[in-house]
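Please read the structure below before turning to the comments.
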Amino acid sequence: VQAVEPPLHALDVIATQSVMISKTLRHIELFTMRGLVTILWHQVPAGQPAQPAAIVACGGAMGGLLGPANGLFHRLGEELSQRGVPTIRLSYRRPNDLDACTLDAAAAVQFLVGVGASRVVVMGHSFGGAVAVRAAVALPAFVSGVVTFATQSAGCEVANGLQGRPFLLFHGDRDEILPPEASEIVAAMAGYGEVVRLPGDGHLLAKSEEAIWERLWEWLPGVLGVLG
């Protein structure tokens with residue numbers, strides 16, 4: 001049986017640099033021969049114990065670090081880190097390259113496992129929904145749940161590999177790029193999943209920040225095994 005190369009090793013990082021932006025937010029750059037991975041890592045405050053759980057948040061086909069719903073990924077990172085749960089916001093080496101972006105996300109999961117996480121939730125917006133699903137399927141021992149926001153269905157054909165792990169899908173019912181049926185198709189591919197339709201909202205889910213926030217805070221504690 002051929003061994004599978006660990007994602008971090010497969011990136012073939014040739015150099016790194018990082019700076020602290022604030023007391024809990026670190027900006028990391030990973031230089032590879034196939035592009036630059038940028039990470040914003042919301043760390044647990046010094047002196048506070050870290051929980052054995054973490055989040056990886058992935059942007060869409062154009063990349064990006066803020067996520068949908070008016071910077072939801074930043075808001076989550078700031079809030080969760082204060083509760084002992086680190087978050088990585090990921091900017092891909094090659095946006096819109098599904099295989100490369102999935103490897104980037106898998107490497108981010110592996111990085112968090114290396115610093116103490118045993119349960120990771122992977123989130124993705126639009127194209128990033130497919131990235132999140134594929135990374136979760138590739139790393140079943142570490143990814144405990146998946147959240148998608150206005151996901152595409154292309155690339156999610158492997159969703160049945162989630163094998164019952166918690167799966168939450170948000171979609172605006174007036175999405176101008178991907179119809180809400182895309183999330184329903186992905187849930188059907190998985191064979192399960194909670195699809196939350198957001199009335200009157202579009203692809204960036206700008207009108208649904210609080211509704212998404214409320215549902216995530218109901219869902220995350222049980223999936224991560226903390227925060228309750």
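The values are calculated or read from the model by the stated rules, or taken from the named source; none is laboratory data. What you see is a predicted model, and the numbers here were worked out from it, not measured in a lab. All Cβ positions, even for glycine, are placed from backbone atoms using ideal geometry, and neighbour counts span all protein chains on display. To get the accessible areas, we keep the full protein, side chains included, count just its heavy atoms, and leave off ligands, DNA and RNA. Shrake-Rupley method; radii C 1.70, N 1.55, O 1.52, S 1.80 Å.
Brief remarks follow.
- Working from label points 7 Å from Cα in the Cα-to-Cβ sense, the Ser118 to Asn96 distance is 4.2 nm.
- Each of Ala108, Val146, Leu216 was placed along the dipole of region 104-228 (beta-carbon charges, centred on the mean Cα), and the one lying farthest toward the positive end is Ala108.
- For region 188-196, 3J(HN,Hα) per residue [Karplus equation, 6.51 cos²θ - 1.76 cosθ + 1.60, θ = phi - 60°, Hz, x = Gly/Pro]: 5, 4, 6, x, 5, x, 9, 9, 9
- Using a probe of 1.4 angstrom and keeping all protein chains present, the accessible surface of region 16-132 works out to 38 square angstrom per residue.
- Rough spin-label spacing in nm, given labels placed 7 Å along Cα→Cβ, for Ile177 and His27: 2.4 nm
- Along each principal axis, Cα extent of region 160-228, largest first, Å: 35, 28, 13
- Sulfur and carbon atoms: percent of accessible area, the chain [1.4 Å]: 56 percent
- Binning the C-alpha pair distances of region 87-148 at 5 Å intervals from 0 yields a P(r) profile of 4, 21, 35, 26, 11, 3 %, listed from the shortest bin outward.
- Coordinate range along principal axes, alpha carbons of region 1-59, Å, largest first: 42, 27, 23
- With 0.36 nm allotted per residue and the present C-alpha distance subtracted, the Met20-Leu227 stretch has 72.0 nm of extension available.
- The slack in the chain from Tyr192 to Glu79, taken as 0.36 nm per residue of separation less the alpha-carbon distance, amounts to 37.8 nm.
- Dimensionless Rg/Rh of region 1-139 - Kirkwood Rh, Rg from C-alpha atoms: 0.95
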